[in-house]
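Read-outs: derived from the displayed coordinates by stated rules, not from any lab. If you're wondering where the values come from, they're calculated on a predicted model, not measured in any experiment. All Cβ positions, even for glycine, are placed from backbone atoms using ideal geometry, and neighbour counts span all protein chains on display.
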Amino acid sequence: MRCLKKKMSQVFSLTQRYKRTLQAMAAGVFLIYMTLVLYQNVYGYSSGSNGQELQYGTADPAAVEPENVIAKRDNSVNSVNGNSHVINSVSGAVQRPSSPASYPTRFDKAYYDYQNGQLSVTGTPKPPTTELDDLLISVKTTKGYHDTRLEMIIKTWYQLAKEQTWFFTDTNDQHYQKLTNGHMVNTNCSQGHFRKALCCKMGKEYEFFLDSAKRWWCHFDDDNYVNVPRLVRLLDEYSPTQDWYLGKPSISSPLEIFLDNTKSSAEVNKKVTFWFATGGAGFCISRALALKMLPIASSGKFMAIGDKIRFPDDVTMGFIIEHILNVPLTVVDAFHSHLEPMEFIRPETFHDQVSFSYARMKNEWNVVKVDGFDLKTDPKRIYSLHCHLYPFFSICPKTIKRR
Ligand code: UDP
Ligand code: MN
């Protein structure tokens, strides 16, 4: 009986010990849990966050710091006029952020776009990489148009790109040479509106660009108004190290020409089809493409090709680029020649246009419809257009300054 009692007390004390051990373990677990809860409250993990965000958030606190990200977003709107989606996707420069810290965070509007599948949008937008000084703007002109067309350019848009713009003419003109600080180039091409003279000037413009260190070449006629900041913004969408031929055709289908090359029987009456950018609207060519054209079009060969196909300078350009080099024209609607009705360009879109033009058609002017100077003072509407875009210019009357 005594033996049984002893055994019973042994079993009882064993159970008690187990119970105490269990209690101690439970207290330990509770303590660890409480420590974790306390830690979480202090350092604040965001609820429902995925592993990725948590990891980037802790690795780089700046990446999830709200003000920081909002500031970046605002920059993107300013730098590309609210068009960052297009800019990034066209340039191809920023398709996906490369470093974890540059991923959009949940504080950023871009994050929601990102979630919606627009992968080209990032929290850190691409900064503008093209500057005015990356451009060479060449303007084709002739002796007879210096006073009637050049003067107007020099008083208006030329002032926004004085260092970058050069005039290609066919005479020495001391007056305009002085006004442009030596930016008049006498091409020694013949005067006259015929193919040889026009191709000669275009060839000189092209070779002048090759000799420069610029990334972009943009050609315009002397009856173009160039919206300089918009032109720079346009080029910023593309890479000068890739082949780009930007402009606008004025025909609705590609040009078909028949090659009449007597030297090669295989080429006789061969039909070729290509697009070309209308010279009178302006066009731009990247340095990469200009270099690709070098064996075909440099050292006077541009003119030779014009002679061969017997078409004007802008057609010759399209023939070389589209037909020979197989680089397609990228159509940019913001270029405008006087082959389209200027009055249909709405004033609220003026800032978005790259170029404008004017022409006298029979007894009527094909000109931009814009308020400003009276018709007698400004029949071509170029001064008025300029003052609409840049009202604080000294030539603009105080009454139409609106910004
Ligand atoms: N042009 C030229 N030599 C001429 C006539 C015109 O170099 O004898 C240039 C002119 O300065 C302009 C372009 O060719 O840049 C187109 O000329 P215009 O506007 O007179 O004619 P369009 O071809 O537009 O009808
Ligand atoms: Mn013209």
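Taking only Cα atoms of the stretch 300-350, what ratio of Rg to Rh do you get with Rh as the Kirkwood inverse-distance radius?
Here Rg/Rh amounts to 1.14.
Run the dipole for the stretch 302-403 about the Cα centre, Lys and Arg Cβ at +1, Asp and Glu Cβ at -1, nothing else charged, and hand back the magnitude in debye, nearest 20.
That gives a dipole near 500 debye.
What percent of all Cα-Cα pairs in the stretch 250-403 falls in each 10 Å bin, counting up from 0?
Result, from short to long distances: 10, 30, 26, 19, 12, 3, 0 percent.
Which value, to two decimals, describes the C-alpha radius of gyration of the stretch 120-250 once divided by 2.2 N^0.38 Å?
Taking N as the residue count of the stretch 120-250, the ratio is 1.13.
Would you mind checking the pairs Lys301/Lys362; Lys178/Lys376; Lys162/Lys380; Lys369/Lys398; Lys143/Lys248 and listing those with alpha carbons more than 32 angstrom apart?
Distance filter (> 32 Å) returns Lys301/Lys362.
Write down the Å³ per residue value for the convex hull defined by the alpha carbon atoms of the stretch 284-324. Display every interim value, and only then the final one.
Numbers: hull volume 2.7 nm³, N = 41.
So the per-residue hull volume is 66 Å³.
Provide the per-residue ³J(HN,Hα) series for the stretch 250-255, in order, calculated from phi with Karplus coefficients 6.51, -1.76, 1.60 and θ = phi - 60°, each as a whole number of Hz, with x at glycine and proline positions.
The phi angles translate into 10, 10, 8, 9, x, 6 Hz.
Which ³J(HN,Hα) values in Hz, rounded to whole numbers, follow from the phi angles of the stretch 276-289 under the Karplus curve 6.51 cos²θ - 1.76 cosθ + 1.60, where θ = phi - 60° and Gly and Pro get x?
The phi angles translate into 9, 7, 4, x, x, 9, x, 8, 10, 10, 6, 4, 4, 5 Hz.
Counting other Cβ atoms within 10 Å, keep those with at most 15, restrict to DSSP loop, and tell me which trypsin sites (Lys or Arg not before Pro) in the stretch 260-357 are left.
Within the stretch 260-357, the qualifying trypsin sites (Lys or Arg not before Pro) (loop, at most 15 other Cβ atoms within 10 Å) are Lys263, Arg310.
Could you give the nm distance between label points at Asn269 and Lys398, where each point is 7 Å from its Cα heading toward the beta carbon?
It is 7.3 nm.
Residue by residue, what Karplus-based ³J(HN,Hα) values in Hz, rounded to whole numbers, does the stretch 376-393 have, using 6.51, -1.76 and 1.60 with θ = phi - 60° and x for Gly and Pro?
Rounded to whole hertz, the list is 6, 6, 9, x, 8, 6, 6, 5, 5, 4, 4, 6, 5, 6, 10, x, 8, 5.
Once you place label points 7 Å from the Cα toward the Cβ at Asp147 and Asn326, how far apart are they in nm?
Between Asp147 and Asn326, the label points sit 5.3 nm apart.
What is the extension gain from Ser252 to Asp333, computed as 0.36 nm multiplied by their sequence separation minus the C-alpha to C-alpha distance, in nm to one decimal?
On the way: separation 81, 0.36 × 81 = 29.16 nm, distance 1.31 nm.
Here the segment from Ser252 to Asp333 would lengthen by 27.9 nm.
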